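The values are calculated or read from the model by the stated rules, or taken from the named source; none is laboratory data. If you're wondering where the values come from, they're calculated on a predicted model, not measured in any experiment. Cβ: placed from backbone, ideal geometry, glycine included. Neighbour counts: every protein chain shown. Side chains are part of the model used for accessible areas, which takes the heavy atoms of the whole protein and leaves out ligands, DNA and RNA. Shrake-Rupley method; radii C 1.70, N 1.55, O 1.52, S 1.80 Å.
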Amino acid sequence: QVQLVESGGGLVQPGGSLRLSCVGSGLIFRDFDMRWYRQTPGKERELVAGMTSTGDSINYADSVKGRFTISRDNDKKTVYLRMNSLQPEDTAVYYCSARHWFGTYWGQGTQVTVSS
């Protein structure tokens, strides 16, 4: 049974940093494209960053480019999102997802709150 378990969220002050982690199980992790999304109340879920299974292609939302970094360790079945220079607009529930041709799996989400 496929599971994606996220961790690393929390409360930080503006300008602070966090690193989110998402550990996969029950899947051949190296075969999946990995993505990070975020969602705030009243807004559609937004794609933040994505990385192909091989790591040869990476993309970011314009709002986070230069501040966030996605990476993966297929041996550990883990995808990371390093978030620097956090601002209140980054406050959201962050989700990781694993995508293959036959479907997509989702994590449970982790709350990130940026506030003074």
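Tell me which residues, restricted to segment 95-116, are of a type in the set (Ser, Thr, Tyr) and either in a loop (DSSP other than H, G, I, E, B) or farther than 15 Å from Gly16 by Cβ (or both).
Tyr95, Ser97, Thr104, Tyr105, Thr110, Ser115, Ser116
Leu47 - would you say it is without any contact (Cβ under 8 Å) to a residue 24 or more places away in the chain and either more than 23 Å from Ser115 (Cβ to Cβ) or in a helix (DSSP H, G or I) (or both)?
yes
Mind listing whichever residues of segment 69-85 are surrounded by fewer than 22 Cβ atoms within 10 Å (Cβ to Cβ) and of a type outside the set (D, E, K, R)?
Thr69, Ser71, Asn74, Thr78, Tyr80, Asn84, Ser85, listed by residue number.
Just checking, how many residues over segment 19-44 are surrounded by 13 or more Cβ atoms within 10 Å (Cβ to Cβ), out of contact with any Asp or Glu (no Cβ under 9 Å at 6 or more places or on another chain) and in a strand (DSSP E or B)?
6
Listed residues Gly66, Gly16, Gly103; which is open to solvent by 60 Å² or more (accessible area, probe 1.4 Å) and more than 12 Å from the chain's Cα centre (by Cα)? Working first, answer last.
Values: Gly16 fails: open to solvent by 60 Å² or more (accessible area, probe 1.4 Å); Gly103 fails: open to solvent by 60 Å² or more (accessible area, probe 1.4 Å).
On inspection, the qualifying residue turns out to be Gly66.
Could we say that Ile58 is touching a strand residue (DSSP E or B) at 6+ places or on another chain (Cβ under 8 Å) and either open to solvent by 30 Å² or more (accessible area, probe 1.4 Å) or farther than 21 Å from Gln111 by Cα (or both) here?
Yes: the conditions hold for Ile58.
Spot the failing condition for Leu11; the list is (1) more than 13 Å from Gln111 (Cα to Cα); (2) surrounded by fewer than 17 Cβ atoms within 10 Å (Cβ to Cβ), and only one is missed.
Single failed check for Leu11: (1).
Hey, among Thr52, Thr40, which residue is among the β-branched types (Val, Ile, Thr) and more than 14 Å from the chain's Cα centre (by Cα)?
Thr40
How many residues does segment 1-18 contain that are within 19 Å of Leu86 (Cα to Cα), outside any strand (DSSP E or B) and either free of Cβ contacts under 8 Å to residues at least 60 places away in the same chain or out of contact with any Leu (no Cβ under 6 Å at 6 or more places or on another chain) (or both)?
5
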